[in-house]
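Please read the structure below before turning to the comments.
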Amino acid sequence: MFKTKAPTEILHDLQVQLVNYPDLLVHKESENVIISGKLPVRGSIFEVKVVLDKNFPISFPKIYETAKRIPIKPWCHMYLDGSCCLCVEFEQRKYFPIGAPISDYFEKLVIPFLENRLHFEITGRYIKERKHNLAGIIDAYGEAFGTKDGGTIFQMLKVIAEGNLKGHHLCECGSGKRRRNCHGPVLWEVAIYVSKQQALRDLNKFIEAVKQL
Ligand SMILES: [Zn+2]
């Protein structure tokens, strides 16, 4: 799908996309491409390392904060492997679609994450915070679909997983209206960045959680 480029060309292209971040340098480390250096966020300097593995841009970048400023604790939105949890998985491609410039990854995900962290360092609380695990995923889907009803969220997710997005079906929310006159437009918007596979993975998390009740 992607034009094969020479490794030096890929590194050069990434460095050009980062023109607004002069202290971030792109280099190769075995099979991975690494972007590392200093990132200014509202007058504070964070040190970061972004890893693009050999499957990038199909795979999603991982980011580490390298000055040990952020404790590796779930309540700091850090994964146990030391990488930062920038958003729930299904939102990743909303902010950074395959093929987007790497600068988008920094602007739309990394900087907001670090701004949130900075706010926490100063005030002791986050500007915006998702709940952990499934509750956070449900909240995020609820926001995306414009509903708080768990059953509707489940049904809308099922529609994406099955790829059955036709507008004349009755809407999942139970309004009795056709999708196209109800939640269809939001459903279609979410389906642009949430793949069938992603929807299925998240549906299975719902199902597992219900089994454990
Ligand atoms: Zn509806």
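The values are calculated or read from the model by the stated rules, or taken from the named source; none is laboratory data. These numbers were taken from a predicted model, which means no experiment stands behind them. A quick note on method: Cβ atoms are made from the backbone with ideal geometry, for glycine too, and the neighbour counts reach across all protein chains shown.
What number of residues within the range 113-138 satisfy the criterion of being out of contact with any helix residue (DSSP H, G or I) (no Cβ under 9 Å at 6 or more places or on another chain) and not hydroxyl-bearing (Ser, Thr, Tyr)?
Let us first name the residues in the range 113-138 that are out of contact with any helix residue (DSSP H, G or I) (no Cβ under 9 Å at 6 or more places or on another chain), namely 113-116, 118-119, 121-124, 135-136.
Still in the list and also not hydroxyl-bearing (Ser, Thr, Tyr): 113-116, 118-119, 121-122, 124, 135-136.
Of the residues in that region, 11 qualify.
Determine whether residue 187 is among the aliphatic types (A, V, I, L, M) and away from the ligand (no atom under 14 Å from the Cβ). Give the derivation first.
On the way: among the aliphatic types (A, V, I, L, M): yes; away from the ligand (no atom under 14 Å from the Cβ): no.
It is false that residue 187 is among the aliphatic types (A, V, I, L, M) and away from the ligand (no atom under 14 Å from the Cβ).
So the check is Cβ under 6 Å with 6+ separation or different chains; which pairs have a first residue in the range 29-56 that's within 17 Å of residue 6 (Cβ to Cβ) and part of a strand (DSSP E or B) and a second one that's β-branched (Val, Ile, Thr) and modelled with pLDDT of 95 or more?
Every condition considered, the pairs that remain are 32/51; 52/33.
Considering only the range 89-97, I want to know if a residue exists there that is surrounded by 15 or more Cβ atoms within 10 Å (Cβ to Cβ), within 18 Å of residue 135 (Cβ to Cβ), in the same structural domain as residue 20 (by TED's automatic domain parsing) and of a type in the set (A, V, I, L, M, F, W, C).
The answer is yes; a qualifying residue exists.
Among the residues of the range 156-172 satisfying the criterion of being surrounded by 13 or more Cβ atoms within 10 Å (Cβ to Cβ) and under 21 Å from residue 198 (Cα atoms), which is nearest to the ligand (Cβ to nearest atom)? Let's see the steps before the verdict.
Kept after step one, since they are surrounded by 13 or more Cβ atoms within 10 Å (Cβ to Cβ), are these residues of the range 156-172: 156-161, 165, 167, 169, 171-172.
After this cut, where a residue has to be under 21 Å from residue 198 (Cα atoms) as well, the list is 156-161, 165, 172.
Details: 156: 9, 157: 14, 158: 14, 159: 11, 160: 15, 161: 18, 165: 14, 172: 6 Å.
Applying the filter and picking the extreme gives 172.
Mind checking which pairs have a first residue in the range 64-91 that is within 16 Å of residue 136 (Cβ to Cβ) and a second that is outside any loop (DSSP other than H, G, I, E, B) and acidic (Asp, Glu), Cβ under 7 Å, 6 or more apart or different chains?
Close Cβ pairs (under 7 Å, with a partner that is outside any loop (DSSP other than H, G, I, E, B) and acidic (Asp, Glu)) amount to 84/65; 90/202.
Checking residue 182 against (1) away from the ligand (no atom under 16 Å from the Cβ); (2) surrounded by 14 or more Cβ atoms within 10 Å (Cβ to Cβ); (3) farther than 13 Å from residue 153 by Cα: exactly one of these is not met. Which one?
(1)
List pairs: first in the range 153-174 and farther than 17 Å from residue 142 by Cβ, second among the charged types (D, E, K, R) and within 12 Å of the ligand (Cβ to nearest atom), Cβ under 6 Å, 6+ apart or cross-chain?
167/179; 167/180; 168/178; 169/179
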